[in-house]
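Step one of this worksheet: look at the structure below.
We did not get these values from a lab; they are worked out from the coordinates using the rules stated. Quantities reported herein were computed from a predicted structural model and do not represent experimental measurements. Glycine also receives a Cβ, built like all others from the backbone with ideal geometry; neighbour counts cover every protein chain displayed.
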Amino acid sequence: MPPPKTKQPDFDEEFDAAIAEWRDKHRLREDDAVLLLVELFRIHQRHWDELRCREFPSFGELRTDIAKLTEAARTFQGQTAALLEVLRSNPSAGNGPRVTRAAAFFATLAGLLAGYLIGRAWP
């Protein structure tokens, strides 16, 4: 459901009114250098605003991406829950043959001894 649209204030009109008031207060002509600099600044600001709008995704795209991400998270949670249920219901998976510490220790010693003997016998 899209959010209700609110009317955005028109900052250009406010800016123009403030400039006109400032010009009247300081008795500046229309072709004064300060006013030309203000116009140059406005051109610069419009340029950067257009660049920024091109770089940032719109909120519609962002909402679509968030909806896809939410759906993927729900799917992942469902699949994870199913996997956990299968793992819990199959107790024989962890009861296979195990190697004791003593057997592992003696196998390591035998491997080291065999390696040493092979190394001594091999010229």
*Note down the nm distance, to one decimal, between modelled labels 7 Å out along Cα→Cβ at Ala33 and at Leu84.*
7.3 nm
*Given charges at Cβ of Lys, Arg, Asp, Glu: the stretch 21-123 dipole, positive-most of Trp22, Thr64, His47*: Thr64
_Radius, Kirkwood style, for the chain when every pair of distinct Cα atoms is counted (Å)_ = 24.2 Å
*List the DSSP H helices in the chain whose Cα atoms stretch 18 Å or more along the helix axis and whose mean Kyte-Doolittle hydropathy is at least 1.0.*
101-121
*Scan around Leu28 for amide H atoms under 5 Å from its own, H built in the peptide plane at 1.01 Å from N, and keep only partners 5 or more places away or cross-chain.*
none
*asked:* Could you compute the net charge surrounding Asp31? Neighbours are other residues with a C-beta less than 14 Å from the C-beta of Asp31; K and R count +1, D and E count -1.
replied: 0
